[in-house]
Amino acid sequence: MAKTWKIEPTDSLRVREGFRLADVDTSATPGFNGDKKYGVQALESGAEQLSAMQEKLFASSRGAGGTRSVLLVLQAMDTAGKGGIVRHVVGAVDPQGIRHKAFKAPTEEELAHDFLWRVRREAPTPGMMGVFDRSHYEDVLIGKVRELASLDEIERRYGAIQEFERELVDAGTVIVKVMLHISYDEQKRRLADRLDRPDKFWKFNPGDIDERNLWSDYQNAYEIALQRTSTDDSPWFVVPADRKWYARVAVQRLLVDALSGLDLAWPPADFDVDLQKVRLAAS
C-alpha cells in the first residue's frame, strides 16, 4: 500500500493560533493520499495496528506497572458521526481495555457538584483507552448557547477545563480531542435519511431540529471553546466529517499516533519460562 498520509493529521488537523472554524472545508480530506476506496482499505489495515498497540497499553499496566492511558474526546453537532467512530475505530480493539462514557444531561446529584465532578470519575485508569462521547465541553457549548450558566461561569469553566486536562496529562494520560465538523447541509441530509428509514427512527430526536435552528450560535461557541482550550499538551483536532470514511481513518490515525508516542513494552514474565515449558511438555 502506498504512503497513506501526505501530511499527518496531527499536523493538518490541529487547532493553532488564529484558528477559524469557518475556514475548515467539511467535505475536504486534508493530508490523505487517496479516495474513499483507499480510505476504507486504510481503515481496515490500520485496525490491526491500533488493536495491537492498545493491547500493549492494557498489558503494560497489568504486568509492568505501567501508568499510561489514552482519552479520546469526541465532540460534534448531531449526526456528525461520533457513533461511527466508536463502532468502526474504537470497536476494532479489545473491549476489556476500553472505558466508554456518553455524557447526557446531568442528574440532580451531578448538578449539586461542580461540572467536572462527574467527569473526573470517568477518567481512564492506567492501561485503559477512555472514550468520552460528548464530554465536559458540553458545559461550555450547550451551556453557553442555551444560557444554562452565566457568562462569568462559562469563562471560569474554560480555565477549569485546562487545569483538569493538565492534571490528566501530568498523571500519564494522552488526550486526543476531536471535533467532527459537519456542514449545515450535510446534517440536513442525514436527518432526512433518519426520517426516511424505519431502521433509523430510533436515532432521530425531534430536539435535534431545535438545536439545528441554533446552528450559528453553536458554531460560535465551538470556535471559542477550541481557541480557548487547545494547548500544547492537549490540542484540539478538527476533523472534516461530511465524508464519514475520512473522519474514521483520520481519528484512527490520531489514536495510533498517540499510542506510538508512549514507548510501550510488553510486561516480562513473572515466572520461570523454561520451567513452565518443561512442565507443559510433561503434562
Select, from Val238, Val249, the only residue that is touching a Ser or Thr at 6+ places or on another chain (Cβ under 9 Å) and aliphatic (A, V, I, L, M).
-> Val249
Look at Gln187 and say whether it is under 16 Å from Val140 (Cβ atoms) and polar (S, T, N, Q).
-> no
So which of Tyr184, Tyr218 is at pLDDT 95 or above, open to solvent by 60 Å² or more (accessible area, probe 1.4 Å) and of a type in the set (Ser, Thr, Tyr)?
-> Tyr184
Counting only residues that are surrounded by fewer than 16 Cβ atoms within 10 Å (Cβ to Cβ), of a type outside the set (Ser, Thr, Tyr) and in contact (Cβ under 8 Å) with a residue 40 or more places away in the chain, which one in the range 66-115 is nearest to Asp193 (Cα to Cα)?
-> Gly83
So Thr10 clears everything in (1) within 19 Å of the chain's Cα centre (by Cα); (2) farther than 15 Å from Arg243 by Cβ; (3) open to solvent by less than 20 Å² (accessible area, probe 1.4 Å) except one condition, right? Which one?
-> (3)
Of the conditions (1) within 27 Å of Gly207 (Cβ to Cβ); (2) not in a helix (DSSP H, G or I), the single one that Pro124 does not satisfy is (1)
Is there a residue being modelled with pLDDT of 95 or more and of a type in the set (D, E, K, R) anywhere in the range 259-268?
-> no
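Every residue in the range 165-176 that is in contact with a helix residue (DSSP H, G or I) (Cβ under 8 Å, 6 or more places away or on another chain) and either part of a strand (DSSP E or B) or among the β-branched types (Val, Ile, Thr) (or both), please.
Selection gives Val174, Ile175, Val176.
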For the range 107-117, indicate whether the set of residues that are within 20 Å of Arg228 (Cβ to Cβ), in a helix (DSSP H, G or I) and either over 14 Å from the mean Cα position of the chain (by Cα) or at pLDDT 95 or above (or both) is non-empty.
-> no
Mind checking which residues of the range 21-53 are under 19 Å from Asp257 (Cβ atoms), among the small types (Gly, Ala, Ser) and open to solvent by 30 Å² or more (accessible area, probe 1.4 Å)?
-> Gly34, Ser45, Ser51, Ala52
Restricting to the range 187-204, what's the tally of residues that are loosely packed, with under 11 Cβ neighbours inside 10 Å and either aromatic (Phe, Trp, Tyr) or not in a helix (DSSP H, G or I) (or both)?
-> 2
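The values are calculated or read from the model by the stated rules, or taken from the named source; none is laboratory data. Because the structure is a prediction, the values reported are computed rather than measured. Here the Cβ is made from the backbone with ideal geometry for all residues, glycine too, and neighbour counts use every protein chain on show. In case anyone asks, the SASA skips ligands and DNA or RNA and just uses the protein heavy atoms, side chains included. Shrake-Rupley method; radii C 1.70, N 1.55, O 1.52, S 1.80 Å.
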